[in-house]
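Novice: Following this message is one structure expressed as structure tokens.
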Amino acid sequence: MNDGWLALIQQAFGLLFSLDPDVWAIVSVSFSVSFAALAITLLPSMILGFMLAFGQFPGRWFITNMIQTLQSIPTVVIGLLVYLMLTRMGPLGDLRWLFTQKGMILGQMLICAPVLVSMSQAAFTSVDRRAWETSRTLGASWLRAIWTLCRELKVPLLLAIVAGFSRILTEVGCSMMVGGNIAGVTRNIPTAIALETSKGDFAQAIALGLVLLILSLILNFTLGTLRGKAEPRSH
């Protein structure tokens, strides 16, 4: 590694530890938008995942396949769809959400939901159905029985949450199209990295990349610890 790269990395750490306002404004926008999208989407997605795993109703197969298809759609296509919905001529144009954080949240919800539904469905499918039936037989309410299952499946459900959050936190296409990459308003970490790299400002791009890297390490170590505790110990 030459001196130029070492200088860039030093500048990147300097931007982070000096609490550079531009860098941390970008981080704030990114996390606030993605957390909001995850929070709004989480409960409905988990409930739908449970219904697809345990329910028997017309259209179940079609919904499952549609959700799996939505997972593979590029985020830029979802961004285009949301953009068309939010333009003045679109069905949601009166909301005036285009190039706002609310529009970004809507787009990220559409990206996050299929991941949460699909992975929670897989988690609920893996559990012994008798655990649900026993809870209901013993008089537990519908919600309490689901909560019991969620406690048993806390690790795979946390993995679903992390996967959904990671997908929206790191996506570029939808945020760029719907948010417009406006400084201090809709510029998040991925769009800022793309912009600063194109401008040749690698120090800020590296600093923002380090934020994502550190978050990824924290999440992986946390989930690894939870997974280890959940595995039965041999005697």
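Novice: What does the highest-first list of 55-66, 99-110, 10-21, 40-51 look like by mean Cβ count within 10 Å?
Specialist: Answer by packing, highest mean first, reads 99-110, 40-51, 10-21, 55-66.
Novice: Right, another one. Which of THR170, ILE105, LEU223 sits farthest toward the positive end of the charge dipole of the range 97-233, with +1 on the Cβ of Lys and Arg and -1 on the Cβ of Asp and Glu?
Specialist: LEU223
Novice: Work from the charge dipole of the chain (Cβ charges, +1 for Lys and Arg, -1 for Asp and Glu, about the Cα centre) and give the residue of GLY180, TRP142, ASN65 farthest towards its positive end.
Specialist: It is TRP142, whose Cα lies furthest towards the positive end.
Novice: Moving to a separate point now. Ratio of Rg to Rh for the range 10-228, alpha carbon only, Kirkwood?
Specialist: 1.04
Novice: Cβ under 15 Å from ALA131's Cβ, ALA131 left aside: what net charge do those residues give with Lys, Arg +1 and Asp, Glu -1?
Specialist: Local net charge: +3.
Novice: Ordered by packing density, taken as the mean number of other Cβ atoms within 10 Å over each peptide's residues, highest first, how do 32-39, 201-208 rank? Please report the intermediate quantities before stating the final value.
Specialist: Working: 32-39: 19.1, 201-208: 20.9.
The densest-packed peptide leads the list: 201-208, 32-39.
Novice: Still on this structure: Below 8 Å between Cα atoms, with a sequence gap of 6+, how large is the relative contact order for the chain in percent? Can you show the working numbers first?
Specialist: Numbers: 267 pairs, mean separation 71.3, N = 235.
Rounded, it is 30 percent for the chain.
Novice: Go through the range 198-213 residue by residue and turn each phi into a ³J(HN,Hα) via Karplus (6.51, -1.76, 1.60, θ = phi - 60°); whole Hz please, and just put x for glycine and proline.
Specialist: Calculated HN-Hα couplings, in order: 5, 7, x, 8, 6, 4, 5, 4, 5, 4, 5, x, 5, 4, 5, 5 Hz.
Novice: While we're on this one: Mind ranking 216-227, 83-94 by how tightly packed they are, going by the mean number of other C-beta atoms within 10 angstrom, highest first?
Specialist: 83-94, 216-227
Novice: Normalising by the residue count of the range 43-128, find the relative contact order in percent from Cα pairs under 8 Å and 6+ residues apart.
Specialist: 50 percent
Novice: Still on this structure, please answer the following. Among LYS199, LYS154, rank each residue by its count of other Cβ atoms within 10 Å, from fewest to most, as a rough exposure measure. Could you put the intermediate results ahead of the total?
Specialist: Numbers: LYS199 10, LYS154 13.
Sorted ascending by nearby Cβ count, the order is LYS199, LYS154.
None of the figures in this text is laboratory data; all of them are computed from the coordinates on show. Only a predicted model underlies this, so the values are computations on that prediction, with no experimental measurement involved. When we count neighbours, we look across all protein chains shown, and the Cβ atoms used for this are built from the backbone with ideal geometry, even at glycine.
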